[in-house]
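K.L.:
Here it is: the structure, laid out below.
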Amino acid sequence: MIPFILLLCIILNPSFLKFCQARAPNIVFFMPDDMHFLDAWGERPPPASGSAFDLDSGLIPNMQRVRSNGTIFTSAYVAGPKCAPSRFNVMTGRYCSRAAYGATFSDSTTQDGVLRRPVTVPRCKLSDTDNSNNIQTYLSSIGYNTIHSGKWHLTAKSKWTKAYSEITTAVTDSGFTYAESVYHANMEDAADGWAYNFSHNMEWMVNTSLTRMQEASITDTPFYLYFAPTAPHQNANNEAALLNYSVRATPSGTLSAEPATTMPSRQSVIDRVDSHYDASASDSSVRDSRIGTVWCDDALGALIDGVEALGQLDNTIFVVTMDHGQSAKNTLFEGGTRVVLMVMGPTVQANATTNVSVSNIDLAPTFAQAATEVGTSSSSSALGFAVDGISWWSAVSSSSGTVAASEELAQRKCIISEIDTDRAMVCNHTASSGASADAETLKYI
């Protein structure tokens, strides 16, 4: 079959002439679950009492590679500081309070004459028009192979008793070309009664993702990988996953062979952390989060290595972020809404920072602009459906890390975050001037 983009080139549709000149860039989106904002990252928000998280940057060389060879956002936020709301934000480019599924509940409240829908995990699911008005559907429509790997969490009333095929169908029904290595909900710690024979499995996720990316490369088709590790989730035992579960054990069943990757051994993940930090002197939850974060970094490294082996590194954009802040998860404090965001790829400025304030609802229009190079950051013009976010692509391709005052991103006055029926906004009028992010003000509404 002729790839869709090549077919468009053959018929010389003027809207797709850029694809004829050069293949659209691949996009790898990497978002671990419940990862802490590391003290080593200078853009980290002021920690709440006792919430500092120490992990030596030498233990996460692959995230550091993205930081050194790309652009770092010093003022990045999420629109919903919890797992499912954040994922809804990323995929749709909209606030979860607008979710079609959430609108089916009758417990919205009115405060000061304003209707407020609760933003919670059970309400932030994909259904109805949200299953088509999203970034994966858009990218698929313009010829991308779109791949989901890892945590889903966007199917209503999703329990582990559902058949694996039901969940993969839900993923592809939302617009993904492939549903690979899917975890449809959170896993509980084995010590708390986890009844299944599998746990986190980064090797499986990496292997299936690379297989699909290789297939896309063979047919000269651009790919979009949404890679969402289940680690280092706060309620999951990463050490137990590494030591007590087979690499062949997955939610889809037992694999016939161990998945091939370039990732270091599982035991080495623990050894690297314990050789740097005294295990006996470390809080057990902190130690386990360190282990899970290093394991995630190994997965990122294997993905970068795989893309490079395919000869696609110079045509691939890597975006690494968090699903929410961890020190104050499920709150509107900076520790819940502020996240790391780093971008590496073609035309992206290396070893750069930008203080332009952005939100995870900006990712969908950003990916659309990066994929099509339509020359506009307009919220909805590229995607074809209404979004709340604005593309920040110009901020990472600008040598100064700023955006022109005339751009929509520079004209946005505030970024809003929401959880339950609470709302807060961060306002910064300096996006185009290069002023410090300290100029921001936080307001609870």
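K.L.:
Sort through Ala249, Ala260 and tell me the only one that's in contact with a Phe, Trp or Tyr (Cβ under 7 Å, 6 or more places away or on another chain) and at pLDDT 95 or above.
P.N.:
So the residue among Ala249, Ala260 that is in contact with a Phe, Trp or Tyr (Cβ under 7 Å, 6 or more places away or on another chain) and at pLDDT 95 or above is Ala249.
K.L.:
Give Gly143, Gly150 a once-over and let me know the one that is assigned to a strand (DSSP E or B) and either open to solvent by less than 50 Å² (accessible area, probe 1.4 Å) or aliphatic (A, V, I, L, M) (or both). Quick ask: steps written out before the conclusion?
P.N.:
Numbers: Gly143 fails: assigned to a strand (DSSP E or B).
Unique residue meeting the criteria: Gly150.
K.L.:
Of Val119, Val206, which residue is farther than 19 Å from Arg87 by Cβ, touching a residue at least 40 places away in the same chain (Cβ under 8 Å) and among the β-branched types (Val, Ile, Thr)? Explain how you work it out, then say what you get.
P.N.:
Numbers: Val119 fails: farther than 19 Å from Arg87 by Cβ.
Sole residue among the options that is farther than 19 Å from Arg87 by Cβ, touching a residue at least 40 places away in the same chain (Cβ under 8 Å) and among the β-branched types (Val, Ile, Thr): Val206.
K.L.:
Under 6 Å by Cβ, and 6 or more places apart or on different chains, what pairs join a residue from region 308-319 that is farther than 20 Å from Trp392 by Cα with one that is assigned to a strand (DSSP E or B) and not β-branched (Val, Ile, Thr)?
P.N.:
Final answer for the pair search is Gln312/Asn26.
K.L.:
Of all residues in region 247-266, which are open to solvent by 50 Å² or more (accessible area, probe 1.4 Å) and polar (S, T, N, Q)? Before you say what the answer is, go through the steps one by one.
P.N.:
So the first thing to find is which residues in region 247-266 are open to solvent by 50 Å² or more (accessible area, probe 1.4 Å), and the list is 248, 252, 254, 256-258, 260, 262, 264-265.
Once the filter is applied, which keeps residues that are open to solvent by 50 Å² or more (accessible area, probe 1.4 Å) and polar (S, T, N, Q), region 247-266 yields Ser252, Thr254, Ser256, Thr262, Ser265.
K.L.:
May I ask you to say which residue of Thr129, Thr169, Thr161 is open to solvent by 60 Å² or more (accessible area, probe 1.4 Å) and closer than 30 Å to Ser217 by Cβ? Walk me through how you get there before you give the answer.
P.N.:
Working: Thr129 fails: closer than 30 Å to Ser217 by Cβ; Thr161 fails: closer than 30 Å to Ser217 by Cβ.
Just one listed residue meets the conditions, Thr169.
K.L.:
Right, something else. Checking Ser181 against (1) open to solvent by less than 40 Å² (accessible area, probe 1.4 Å); (2) in contact with a Gly (Cβ under 8 Å, 6 or more places away or on another chain); (3) under 25 Å from Gly102 (Cα atoms), only one condition comes out false. Which one?
P.N.:
With (1) open to solvent by less than 40 Å² (accessible area, probe 1.4 Å); (2) in contact with a Gly (Cβ under 8 Å, 6 or more places away or on another chain); (3) under 25 Å from Gly102 (Cα atoms) applied to Ser181, the lone miss is (3).
K.L.:
Can we say Trp152 is over 23 Å from Val387 (Cβ atoms) and of a type in the set (Phe, Trp, Tyr)?
P.N.:
Values: over 23 Å from Val387 (Cβ atoms): no; of a type in the set (Phe, Trp, Tyr): yes.
For Trp152, the condition - over 23 Å from Val387 (Cβ atoms) and of a type in the set (Phe, Trp, Tyr) - is not met.
K.L.:
If only one of Asn244, Asn238 is out of contact with any Cys (no Cβ under 9 Å at 6 or more places or on another chain), free of Cβ contacts under 8 Å to residues at least 60 places away in the same chain, surrounded by 21 or more Cβ atoms within 10 Å (Cβ to Cβ) and not aromatic (Phe, Trp, Tyr), which one is it?
P.N.:
Details: Asn244 fails: surrounded by 21 or more Cβ atoms within 10 Å (Cβ to Cβ).
Matching residue, one of Asn244, Asn238: Asn238.
K.L.:
Here is a list: Leu332, Leu303. Which entry is farther than 24 Å from Pro81 by Cβ and buried (at least 21 other Cβ atoms within 10 Å of the Cβ)? Show your work before the answer.
P.N.:
Numbers: Leu332 fails: farther than 24 Å from Pro81 by Cβ.
On inspection, the qualifying residue turns out to be Leu303.
K.L.:
If you scan region 267-286, which residues turn out to be more than 24 Å from the chain's Cα centre (by Cα), open to solvent by 30 Å² or more (accessible area, probe 1.4 Å) and closer than 29 Å to His184 by Cβ?
P.N.:
Gln267, Ser284, listed by residue number.
K.L.:
Then there is this: Quick check, is Arg67 at pLDDT 95 or above and open to solvent by 10 Å² or more (accessible area, probe 1.4 Å)?
P.N.:
On the way: at pLDDT 95 or above: yes; open to solvent by 10 Å² or more (accessible area, probe 1.4 Å): yes.
Spelling it out, Arg67 is indeed at pLDDT 95 or above and open to solvent by 10 Å² or more (accessible area, probe 1.4 Å).
K.L.:
Given the criterion at pLDDT 95 or above, crowded, with 16+ Cβ neighbours inside 10 Å and closer than 27 Å to Cys124 by Cβ, identify the matching residue among Asn89, Asn62. Please lay out each step first, then the result.
P.N.:
On the way: Asn62 fails: closer than 27 Å to Cys124 by Cβ.
It is Asn89.
K.L.:
Just to be sure I understand the filter: pairs with C-beta atoms under 7 Å, separated by 6 or more residues or on different chains, first member in region 402-416 and touching a residue at least 60 places away in the same chain (Cβ under 8 Å), second member among the small types (Gly, Ala, Ser). Which pairs pass?
P.N.:
If the second residue must be among the small types (Gly, Ala, Ser), the pairs left are Ile415/Ser357; Ile415/Ser359; Ile416/Ala79.
K.L.:
Conditions: (1) open to solvent by 20 Å² or more (accessible area, probe 1.4 Å); (2) farther than 19 Å from Phe223 by Cβ; (3) in a loop (DSSP other than H, G, I, E, B). His324 meets all but one. Number of the miss?
P.N.:
Result: His324 passes all but (1).
K.L.:
Would you pick out the residues in region 335-344 that are in a helix (DSSP H, G or I) and crowded, with 24+ Cβ neighbours inside 10 Å?
P.N.:
From region 335-344, those in a helix (DSSP H, G or I) are 335-337; that's our starting set.
Selection gives Gly336, Thr337.
K.L.:
Okay, next question. Looking at region 219-235 only, could you name the residues that are at pLDDT 95 or above and either surrounded by fewer than 19 Cβ atoms within 10 Å (Cβ to Cβ) or acidic (Asp, Glu) (or both)?
P.N.:
Thr219, Asp220
The values are calculated or read from the model by the stated rules, or taken from the named source; none is laboratory data. Because the structure is a prediction, the values reported are computed rather than measured. As a convention, Cβ positions derive from the backbone with ideal geometry for all residues, glycine included, and neighbour counts pool all protein chains shown. The accessibility values were calculated without ligands, DNA or RNA, using every heavy atom of the protein model including side chains. Shrake-Rupley method; radii C 1.70, N 1.55, O 1.52, S 1.80 Å.
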